[in-house]
Amino acid sequence: MGKDGHLLEMRNLRTSFFTHVGEVKAVDGVSLYIDRGETLGVVGESGSGKSVTMLSAMGLLPETGRVIGGEILFSERSLARLREREMETVRGNEIGMIFQDPMTSLNPVFTIGNQITETLIKHKRVTKAEANRKAVEILASVMIPSPEKRISQYPHEFSGGMRQRVMIAMAICCDPCLLIADEPTTALDVTIQAQILELMKELSRGRETSVILITHDLGVVAGMCDRVNVMYAGQIAESGAVRDIFHRPRHPYTLGLLKSVPNPNRIQKERLAPIKGHPPDLLKPPKGCAFAARCEYAMKICLASRPPSFEIGDGHNAACFLNHPDAPRVSM
């Protein structure tokens, strides 16, 4: 557990990419946590730092990326201080990850069975026969038909939805206590998306696994998560329980995200309102609030200073000066 009893906790995490044109501050002071049995949503536009935050925790950053500050605590250990060999015992065994694109994440020259049993043999020290038997059971648990036959097939012989199920099987085969799912329904049709999400719900309940769901789909968050962290430009803009984020948003970016997607529960139909402008250049991040240039409520202080995280209620926080006691009252 982390210092406060959390399963995973990040404190002021900062991750940068060092390129030939300069330092890209991809994650800039992120603090978040997840408890056992909880499902946490991490949402935001593409490039907001969602995936990089989790890749930092897994120690899977590309060569140009580096964690330059902050803490990543998992089960009383600092992941950033572990050697690569020690991290290998954590990945797959204690923390499983479902990557964004199953076609590129699965090795095309190895059978599905080989790719699952490799993990089992490495972490569980079982025989090849035991690993094969376990692999068949895992494939059956993620509702892949005829698993005894499918285990000998290659990734190209599976549909997109089936490949995503295989990725889930690989991630859970060692019974990790934390599962990180990075856009698990990308490029899947609506019916298959619903099946994958329902499968993840059942697995998290049945195995008491904590889940971090990285997505830009607020509908998925509403149906899956207990709490939400909204990210923008490598920072946490707002965090809180699902009901707070959806019904009492206190950051203009969160409000913009909600207004830009259809809400079937609205009695009066409203035109969708996209967020105008573009995210800031993280090679030269703004001095003040990262969202100020796109915010209709921006004040002078927003351009000059980075807002702290204001506590709105129990577990509900928003990094926006509009939540300061002396700020003008606006209707969001």
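What the table below lists for this structure:
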read-out: Residues that are buried (at least 21 other Cβ atoms within 10 Å of the Cβ) and at negative phi, drawn from region 29-50; value: V30, I34, T39, L40, G41, V42, V43, S48, K50
read-out: Close pairs (8 angstrom Cβ cut-off, 6 or more residues apart or separate chains): in contact (Cβ under 8 Å) with a residue 12 or more places away in the chain in region 100-112, in a helix (DSSP H, G or I) and basic (K, R) anywhere; value: P102/R163; M103/R163; L106/R163; I112/R150
read-out: All positions within region 191-235 that are within 23 Å of L139 (Cα to Cα), in contact (Cβ under 8 Å) with a residue 24 or more places away in the chain and of a type in the set (A, V, I, L, M); value: I192, I196, L197, L199, M200, L203, V211, I212, L213, M224
read-out: Selection within region 260-294 - modelled with pLDDT of 90 or more and either farther than 30 Å from G22 by Cα or among the small types (G, A, S) (or both); value: G277, G288, A290, A292, A293
read-out: Single unsatisfied condition, E130 versus (1) over 16 Å from the mean Cα position of the chain (by Cα); (2) in contact (Cβ under 8 Å) with a residue 12 or more places away in the chain; value: (2)
read-out: Filtered residue count, region 177-196, keeping only those that are modelled with pLDDT of 85 or more and either closer than 12 Å to I98 by Cα or in contact with a helix residue (DSSP H, G or I) (Cβ under 7 Å, 6 or more places away or on another chain) (or both); value: 7
read-out: Condition met for E63 (touching a Pro at 6+ places or on another chain (Cβ under 8 Å), assigned to a loop (DSSP other than H, G, I, E, B) and of a type outside the set (S, T, Y)); value: no
read-out: Members of region 1-55 found to be over 22 Å from S75 (Cβ atoms), out of contact with any strand residue (DSSP E or B) (no Cβ under 6 Å at 6 or more places or on another chain) and either without any contact (Cβ under 8 Å) to a residue 24 or more places away in the chain or among the charged types (D, E, K, R) (or both), listed by number; value: H20, E45
read-out: Single unsatisfied condition, C174 versus (1) buried (at least 21 other Cβ atoms within 10 Å of the Cβ); (2) in contact with a helix residue (DSSP H, G or I) (Cβ under 7 Å, 6 or more places away or on another chain); value: (1)
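The values are calculated or read from the model by the stated rules, or taken from the named source; none is laboratory data. Model, not experiment: these values are computed from the prediction. Backbone-built Cβ (ideal geometry, glycine too); neighbour counts: all protein chains shown.
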